[in-house]
Structure formats: structure tokens, C-alpha cells
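The structure appears right after this line, and notes come after that.
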Amino acid sequence: MVLRSYGLEIYPNPGKDYISVVSEVENCLFELIDATGRIQKSIKLDIGNNIINISSLQQGFYIYKVVVRDRIVTGKWIKE
């Protein structure tokens, strides 16, 4: 998913072993939240390509939340 207005690109979706988050902004926070509302991953993003290993997570539906420029961006993500 390309979120150019926020300087973000998140892929692949659906994914299997990793999520790649390309950020053009410093000090972003990426969180991956499961269906029960628990935060499964919480990563401070660097500028550029950030690879997040999600191979240990169960298959299913997740919500990602990115805090960028004092805004919160959310979306759906599926683990195959």
C-alpha cells in the first residue's frame, strides 16, 4: 500500500514472513496489532527501507498503525 502523502509505502499485502515499510520521514512508529487488540510488533522506523520480520506471527488479519508527523495512519494487513 502506497501512502505517498505520508511518505510511506507498506508491502507486501498479503504477506508471509516480512513486512517492508519504506519511510521518507524520521522518527515514525510502526505497530502491528492483532484481532484481539494486542500489539504484536512495535518498531521505530528509519528513513529508507525497514524490513520487519513477522514469520513468528500466526496467519490472519492485522491492523497496522503508523504514527507519522503527529498523525496516525492505519490500515489492514493480512498474514498468509
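Please treat every number below as a calculation from the coordinates, not as lab data. Since this is a predicted model, take the numbers as computed values, not measurements. FYI the Cβ positions are ideal-geometry reconstructions off the backbone, even for glycines, and counts take in every protein chain you see.
The residues listed here are 19, 43, 51; of these, the one that is part of a strand (DSSP E or B), loosely packed, with under 12 Cβ neighbours inside 10 Å and at negative phi is 51.
Flag: residue 78 matches the condition of being β-branched (Val, Ile, Thr), loosely packed, with under 15 Cβ neighbours inside 10 Å and part of a strand (DSSP E or B). Restricting the first member to the range 57-80 and to residues that are within 12 Å of residue 40 (Cα to Cα), and the second to residues that are basic (Lys, Arg) and assigned to a strand (DSSP E or B), the beta-carbon pairs closer than 6 Å and six or more apart or on different chains are 57/79.
Which residues, counting only those in the range 22-35, are acidic (Asp, Glu) and either loosely packed, with under 13 Cβ neighbours inside 10 Å or in contact with a helix residue (DSSP H, G or I) (Cβ under 8 Å, 6 or more places away or on another chain) (or both)? Explain how you work it out, then say what you get.
As a first pass, look at the range 22-35 and keep what is acidic (Asp, Glu): 24, 26, 31, 34.
The answer is 26, and nothing else.
Could you tell me whether residue 38 is touching a residue at least 40 places away in the same chain (Cβ under 8 Å), exposed (fewer than 14 other Cβ atoms within 10 Å of the Cβ) and of a type outside the set (A, V, I, L, M)? Answer is no for this residue. Mind checking which pairs have a first residue in the range 16-27 that is among the aromatic types (Phe, Trp, Tyr) and a second that is surrounded by fewer than 13 Cβ atoms within 10 Å (Cβ to Cβ) and assigned to a strand (DSSP E or B), Cβ under 9 Å, 6 or more apart or different chains? Qualifying pairs under 9 Å: 18/51; 18/53.
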